[in-house]
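Below is one structure, written out as structure tokens; comments come after it.
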Amino acid sequence: MEEIGRKRVAMAGVVVAGLAYFLVCAVPLQKELLLVPAWSRDISPVIPSGMAGASAEGAAQSAASKPAAPKAANAVPVALPAAASQANTSLATASPLPFRLGDRFGYFTADGSILFVETVSYGVALAPDVFATYDSLSEGFAIRSPSGAEVSRVSAPGYPFFAAGRRFLIGPDQATVTELAGNGSAAWTYQFPSIVTAFDASPSLAVFGLMDGTIVGFNRSGAVALDFAPGGSRIAGVYGVAASPDGLLVAAITGADKQRLVILEKRSTAYRVAYHRYLASDYRRPVSMAFTEDGQRLAYESPAGIGIYDRATHGESVVPVPATPRMGQTARGGELMVFLSGKGDQKRLICTAAPDRRVVDLSLNAKRAFVLTKGNTLFLGLDDRIVRMDLEER
Amino acid sequence: MRRAPPARAFRASGFLLVLAIVASSGPAAAMDWPLAPPRLAATFGTFAKGRVVLGVELASEEGVVRSSEDGEVAFAVEEGEHPAGLPTPLGSFAVVEHQRGMAAVYSHLAPGTLATRVRKIKAGDPLGRPGSSGWVEGSGVLFQVFDRRAGSWVNPLLVLPPNADDKPPAIRSLALSRSGKTYVLGDVSSLPQGTYRVSVDVVDPADSPWIVAPLAPYVIRLAIDGFEATKYVFDVAKGSEGKLALFALSPVETTALKTPEGRYSLVERLFSRGRVVIEVRVEDAAGNKRSASYTLLVE
């Protein structure tokens with residue numbers, strides 16, 4: 001009897017201890033990060049730029065008729081709203097966002113209005129505030145606002161390209177670069193000794209990589225702020241450059257056999273090598289690289305995947321997926337890096353938390369695609385559709 | 001780590017140029033034509049719509065663009081596929097490392113035909129098909145040679161085999177300009193004394209289905225009263241401090257080389273009273289020559 005009593009007491013103790021554990025040590029389940037579809041718009045019909053905003057109603061109808069948003073492995077399936085009632089109010093709904101998908105380009109807004117969709121005849125330079133279309137033998141072109149109004153006119157041969165709020169023109173020789181002023185005139189012109197093979201810009205620094213292995217950077221007034229030839233490889237060349245948004249860091253993939261990642265940092269007035277490493281890659285084509293919007297991380301193309309360099313620690317990690325253009329986009333205040341990877345008809349949307357933890361891995365069927373991030377919102381371009389998805393914790 | 005100063009670099013460039021000339025004057029040229037038969041649509045120094053051609057444009061809609069020498073592909077990009085969104089006015093192009101520190105750029109190839117996966121190549125290996133990708137007036141290939149050691153562009157005709165060409169350049173006119181006025185000799189035979197800029201309209205005939213612009217000759221010489229006043233040899237071009245200059249011996253910035261009327265601006269001279277004889281001699285890369293003499297009465 002005494003033995004049975006002891007067993008009962010022990011069992012009761014275990015039960016009490018278990019209950020106490022669940023009551024005292026219980027931790028709520030971690031919130032899951034979800035991609036919640038907000039709207040989807042068909043961009044297959046051409047909408048001329050003169051009809052800005054006229055398509056919003058039709059687009060909303062189109063969204064309602066085609067509610068098939070891409071399925072995320074960890075997304076909560078929700079019905080698409082017919083209009084933008086769930087628009088993220090933190091986004092400026094009126095600010096136009098440029099897109100290009102194959103031979104289509106145009107602007108849309110965060111609330112789902114398609115401002116216009118046109119077909120690219122030869123080339124187009126796109127920025128949030130302006131765009132310019134041009135021909136193959138362009139000797140001049142108009143710079144227009146997203147509403148289609150002419151902002152300025154450029155009368156010079158070459159092709160325009162816009163970045164970081166700055167407008168540039170590259171001459172037919174691919175060695176002459178002009179920065180355009182607001183009225184379309186030349187703010188400054190520079191004739192490089194060899195052809196331009198790489199480019200990136202921040203508001204304060206425009207960086208060009210040359211065939212001869214030189215990296216040249218210009219400040220806003222066109223003065224040379226950086227002129228550096230890293231060397232150290234059998235074949236000189238610059239395959240990619242990236243400027244941090246504050247203009248204090250410049251990264252480059254230079255040379256062939258062996259190829260190097262070089263990171264220059266502005267100290268007082270001059271740029272010095274802050275980090276360099278020989279790479280396993282031996283690319284003979286332009287490579288994709290970019291700093292994140294907060295300038296804290298660099299994403300660059302590597303044979304093992306997307307290489308991530310951390311500015312604070314000088315540490316590196318790899319996200320093992322193929323790199324694509326427009327790297328360096330982030331979401332949730334820089335917490336997540338967002339990549340659109342893949343080739344052919346198969347794409348993957350990948351969001352990683354530092355250093356390389358994958359929190360979203362979404363398969364997409366699209367031949368042409370883009371991803372654009374704004375805060376907690378992702379805009380996906382998938383062939384003939386643009387889809388808005390909001391990152392939410394639930 | 002910075003590049004050599006311009007003057008020293010030009011001396012180095014001149015030295016390499018001599019080597020190149022020696023190489024090209026021997027029994028075998030240093031490089032082969034990348035597209036045969038060669039039909040020149042632009043020569044080194046040809047001015048066209050605000051740009052100067054720093055190579056030779058070979059016109060053809062057919063055939064294969066081949067490596068002009070053994071080498072290694074250092075860079076290749078298809079038109080419209082630059083990940084940074086950088087447009088490529090050279091269209092689909094490849095940079096090939098050749099011998100003696102020379103790199104060649106093969107541009108405007110037909111999209112989709114560029115050999116992007118090859119590395120080591122032999123002379124004659126295909127690089128792509130002639131095309132009109134990028135900023136170019138017709139179909140063919142733009143062939144440029146860059147001397148990496150000197151950091152300068154070299155006239156490809158110095159390293160390519162002689163082209164079958166028996167047509168000498170044409171001297172279309174000679175003019176003197178002052179205070180915004182231009183006087184074409186022949187139209188005028190006398191001028192008041194003063195300082196004038198001498199310019200000449202010279203073209204090399206083309207045997208091509210299309211041309212970028214009237215072709216540049218290889219040499220322009222100007223003599224005034226029997227003394228050589230200037231000599232332009234279209235041998236190299238070099239960029240420095242944001243400016244591009246032509247000619248190894250006495251560099252002239254490309255922006256100052258042509259007058260608004262399209263003549264080669266040669267020299268500025270004070271013409272004193274009396275009879276002045278101005279002689280122009282031009283030569284193309286094949287050695288065909290032409291000269292013209294003008295007599296001017298300075299009052």
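Some values worked out for this structure:
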| quantity | calculated |
| --- | --- |
| Alpha carbon centroid spacing (whole Å) that separates the stretch A:276-332 from the stretch A:115-184 | 28 |
| Using a Förster distance of 30 Å, the FRET efficiency for residue B:117-residue A:273 (Cβ separation, nearest 0.05) | 0.40 |
| Whole-Å semi-axes of chain B's equivalent ellipsoid (Cα gyration tensor) | 37, 19, 18 |
| Modelled label reach - residue B:197, point 7 Å along Cα→Cβ, the stretch B:239-253 residues with backbone N closer than 19 Å | B:243-247, B:250-253 |
| Helical contribution to [θ] at 222 nm, DSSP H n ≥ 4, -39,500 (n - 2.57), averaged over the protein assembly as shown, rounded to 500 | -2500 deg cm²/dmol |
| Gyration tensor (alpha-carbon) shape descriptor, the stretch B:170-298, a/c threshold 1.5 | prolate |
| Packing-based order for A:333-340, A:315-322, B:140-147, using average beta carbon neighbours within 10 Å, highest first | B:140-147, A:333-340, A:315-322 |
| The protein assembly as shown: C-alpha gyration tensor shape, a/c 1.5 cut-off, then a/b vs b/c | prolate |
| Degrees between helix B:6-25 axis and first principal axis of chain B (Cα, 0 to 90, nearest 10) | 80 |
| Zone residues, the stretch A:350-368, relative to residue A:119, backbone N less than 20 Å from point 7 Å out along Cα-to-Cβ | A:367-368 |
| Set of aspartates and glutamates near residue A:343 by C-alpha distance (under 16 Å), chain-local residues within fewer than 8 positions excluded | A:301, A:361, A:383, B:81 |
| Cα-based helix-to-principal-axis angle, A:56-65 vs chain A, degrees rounded to 10 | 40 |
| Antiparallel content of DSSP bridges confined to the stretch B:170-298, in %, to 5 | 95 |
| Three-way shape label, chain A, alpha-carbon gyration tensor, a/c 1.5 | oblate |
| Beta bridges by DSSP in the stretch B:63-210, antiparallel share as percent, to the nearest 5 | 95 |
| Spin-label model distance (nm) - residue A:296 vs residue B:299, 7 Å beyond Cα toward Cβ | 8.2 |
| Net lengthening on full extension, residue B:253/residue B:241 (0.36 nm per residue, minus Cα-Cα) | 3.2 nm |
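Every read-out reported here was derived from the displayed coordinates using simple, explicitly stated rules and does not represent laboratory data. Bear in mind the structure is a predicted one, so any value in this text is a computation, not a measurement. We place every Cβ from the backbone using ideal geometry, glycine too, and count neighbours over all the protein chains shown.
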